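Shown next, in structure tokens, is the structure this report addresses.
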Amino acid sequence: MKMVMAIIKPFKLDDVREALSEIGVQGITVTEVKGFGRQKGHTELYRGAEYVVDFLPKVKIEAVVKDDLVDQVIEGISKAANSGKIGDGKIFVAAIEQAVRIRTGESGEEAL
């Protein structure tokens, strides 16, 4: 099992969710986060005053999937979240040692 974590632009969330559903991913966790990469934030004008926005709003998506789905999930997220502009995001993959469904006590891939 692997955990696929993706940091994307908020307006791409619905596209990514649909892409993951088509692949067969049954559950995802979504968190609103803030951060910056190469963008380094930007300046905005509010009521005549200029201020710096250091951290940009992003969405973090986490999904634990079977090993054989990882490449499809990465490809699906990449296609759905791509706008061709800076700040489209990143995808991280980490190994998951154990998963347990609390309600039934199922463990391993059956818990997914």
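Bear in mind these aren't lab numbers, they're just calculated from the coordinates by the rules spelled out. It should be emphasised that the depicted structure is a prediction, and the values quoted were computed from it without experimental measurement. Methodologically, a virtual Cβ is constructed for each residue, glycine included, from the backbone with ideal geometry; neighbour enumeration extends over all protein chains shown.
Structure summary
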{"quantity": "In range of the label at Arg101: residues from region 62-90 whose backbone nitrogen is under 16 Å from the point 7 Å along Cα→Cβ", "calculated": "64-66"}
{"quantity": "Largest-first ellipsoid semi-axes for the chain, taking √(5λ) over the Cα gyration tensor eigenvalues, angstrom", "calculated": "33, 15, 12"}
{"quantity": "The chain: most fluctuating residue of Gly84, Gly37, Gly76 per GNM, C-alpha cutoff 10 Å", "calculated": "Gly84"}
{"quantity": "Reach of Lys66 by Cα under 18 Å, taken over lysines that are not fewer than 8 positions away in the same chain", "calculated": "Lys2"}
{"quantity": "Cleavage-rule hits (GluC sites (Glu not before Pro)) in region 47-112: DSSP loop, at most 11 neighbouring Cβ within 10 angstrom", "calculated": "Glu97"}
{"quantity": "Per-residue ³J(HN,Hα) for region 102-112, Karplus 6.51 cos²θ - 1.76 cosθ + 1.60, θ = phi - 60°, Hz, x for Gly and Pro", "calculated": "5, 4, 9, x, 4, 10, x, 5, 5, 6, 6"}
{"quantity": "Rel. contact order, % - alpha carbon contacts under 8 angstrom, at least six apart, the chain", "calculated": "42"}
{"quantity": "For a label point 7 Å along the Cα-to-beta-carbon line of Asp88, residues of region 1-30 with backbone N under 18 Å", "calculated": "5-20"}
{"quantity": "Proximal lysines to Lys85, defined as alpha-carbon separation beneath 19 angstrom and excluding residues fewer than eight positions away on the same chain", "calculated": "Lys9, Lys12, Lys34, Lys40, Lys58, Lys60"}
{"quantity": "Mean residue ellipticity (222 nm) of the chain, computed from DSSP H runs ≥ 4 via -39,500 (n - 2.57), nearest 500", "calculated": "-6500 deg cm²/dmol"}
{"quantity": "Distance (nanometres) between label positions extended 7 Å along Cα→Cβ at Arg47 and Arg17", "calculated": "3.4"}
